[in-house]
Amino acid sequence: MRNRLHLQILIALLLGVGAGLLWPEGRTIWGDIQPYSVFDFVGTLFLRALKMVIVPLIAGSIISGVAGVGSSRGLGRLFGRTFAWYVSTSLMAILVGLFLVNLIQPGIQGGEPVGPRLGLSRPDPQLSAELEGRGAGDLVDIVQRMIPTNPVAAAAEGQMLPLIFFCLLFGIAVGSLGEQQRAAQFAFWESLFVVMMRITGWVIRAAPVGIFGLMAKITAASGFAAFGPLLQYGGTVLAALVIHAAITLPLLVRVVGGLPPHRHAQVMAPALLTAFSTRSSSATLPLTMDRIENGAGVSNRVTSFVLPLGATINMDGTALYECVAALFIAQAYGVELGIGSQVVVVFTALLASIGAAGIPAAGLVMISIILDAVGLPLEGIALILAVDPVLDMFRTAVNVWSDSCGAVVIARREGEEGILVREADRG
Ligand code: ASP
């Protein structure tokens with residue numbers, strides 16, 4: 001049944017697109033029933049159910065995961081590997097994007113910047129002056145907000161980074177307790193985690209219906225219009241995403257992890273399709289964890305450390321997209337960015353992807369940090385708005401794909417056996 005889940009989801013996704021095209025927003029059938037409202041209703045139920053499990057799942061998984069890691073040396077090593085994977089794969093993604101956007105130059109057509117043709121005025125110097133310093137301020141803000149003044153409020157508001165920070169701390173503290181107290185705490189958080197995974201399993205069964213609703217709603221609202229304009233820019237982002245997801249990451253899985261990437265892709269398919277249709281790595285996290293633990297056979301220790309953190313800070317697709325979008329906007333304005341500025345773009349893209357929340361369109365908002373860092377006006381974002389939802393689908397899938405590749409590779413480097421062996425053979 002599980003094996004066929006990705007097929008069911010894929011069919012649901014295509015049926016959703018078909019239904020959305022057949023019944024665009026505003027169309028009624030059988031009297032005054034609006035199919036759009038039905039799609040919206042079904043999709044929203046599914047999204048809410050996914051979001052419902054996130055906070056308790058993250059708390060249970062991180063605290064039990066970190067508390068169970070054992071010695072602080074073991075934790076330090078796991079953290080080091082995780083961090084190294086996140087930073088290096090994000091940088092690789094950005095460099096692919098940087099190379100392609102300079103090669104294809106989507107912002108220049110027929111030797112002319114496309115900005116004025118798309119209704120952009122020249123950069124307003126006053127606007128740039130107003131924005132000065134904002135980017136750095138935003139980054140300082142992100143770091144500051146990592147420490148919650150009230151962890152319960154952070155959990156209630158679904159603020160992931162402060163929640164994760166607190167849970168990591170809590171888990172380390174539990175791990176350092178005497179045996180009796182540690183065991184009591186550990187049993188509680190671990191069973192919370194098991195309960196949340198059980199509920200996740202139920203939500204996953206509804207995924208085909210939910211994804212049908214989400215896809216039908218998106219297509220009913222915008223038809224193919226969302227896919228049409230800015231083809232060259234969208235094509236550049238997509239080509240770079242494909243190179244990263246289909247070449248770079250599988251190579252790393254094979255070479256660094258010694259594991260079969262195609263088998264990993266099969267195992268991850270339901271989660272990747274969910275990421276694609278929800279446009280949210282956080283909402284997909286329960287599925288990602290299920291697939292990595294129950295499908296790929298990675299230990300709970302690695303899963304519960306690597307994935308919640310990854311869903312929040314490791315976004316290869318977003319990092320790549322930030323870089324291409326910023327350079328596209330510069331090209332469209334006719335602004336030449338030298339090597340120095342391009343290096344600034346690379347590093348701010350990395351930071352912006354770390355700071356972006358795992359929710360739809362988070363990456364779009366983050367571009368303002370980069371534009372500001374290199375002195376481009378914020379209104380450039382207007383250029384890329386139309387295609388953003390579609391690109392968001394692809395980059396979110398790549399974000400989740402990178403987290404999952406990291407999980408199997410790190411588990412392997414930690415000496416785990418039996419990863420990505422067929423479930424039946426694992427015994
Ligand atoms: N939607 C993306 C995610 O959840 C973030 C982004 O907008 O780039 O992973």
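The values are calculated or read from the model by the stated rules, or taken from the named source; none is laboratory data. Bear in mind that the values here come from a model prediction, so they are computed numbers and not experimental data. As a convention, Cβ positions derive from the backbone with ideal geometry for all residues, glycine included, and neighbour counts pool all protein chains shown.
Condition first: touching a Pro at 6+ places or on another chain (Cβ under 7 Å), farther than 17 Å from ILE63 by Cα and within 16 Å of the ligand (Cβ to nearest atom). Now tell me which residues in the range 264-323 satisfy that.
Answer for the range 264-323, where residues must be touching a Pro at 6+ places or on another chain (Cβ under 7 Å), farther than 17 Å from ILE63 by Cα and within 16 Å of the ligand (Cβ to nearest atom): ARG279, SER280, LEU287.
Give me the residue from the range 346-356 that is among the small types (Gly, Ala, Ser) and assigned to a helix (DSSP H, G or I) and, out of that set, nearest to the ligand (Cβ to nearest atom).
Residue satisfying both the conditions and the ranking: SER353.
Provide a single number: the residues in the range 382-407 that are more than 9 Å from the ligand (Cβ to nearest atom), buried (at least 24 other Cβ atoms within 10 Å of the Cβ) and of a type outside the set (A, V, I, L, M).
Residues meeting the conditions: 6.
Which is farther than 24 Å from ILE204 by Cα, hydroxyl-bearing (Ser, Thr, Tyr) and either modelled with pLDDT under 95 or surrounded by fewer than 24 Cβ atoms within 10 Å (Cβ to Cβ) (or both), of THR303, THR248?
Of THR303, THR248, the one residue that is farther than 24 Å from ILE204 by Cα, hydroxyl-bearing (Ser, Thr, Tyr) and either modelled with pLDDT under 95 or surrounded by fewer than 24 Cβ atoms within 10 Å (Cβ to Cβ) (or both) is THR248.
Give the residue that is surrounded by the fewest Cβ atoms within 10 Å (Cβ to Cβ), with candidates limited to residues of the range 68-102 that are more than 26 Å from the chain's Cα centre (by Cα) and in a helix (DSSP H, G or I).
ARG73
Go through the residues of the range 365-373 one by one and say whether even a single one is surrounded by fewer than 21 Cβ atoms within 10 Å (Cβ to Cβ), touching a residue at least 24 places away in the same chain (Cβ under 8 Å) and within 16 Å of the ligand (Cβ to nearest atom).
Taking every residue of the range 365-373 in turn, at least one turns out to be surrounded by fewer than 21 Cβ atoms within 10 Å (Cβ to Cβ), touching a residue at least 24 places away in the same chain (Cβ under 8 Å) and within 16 Å of the ligand (Cβ to nearest atom).
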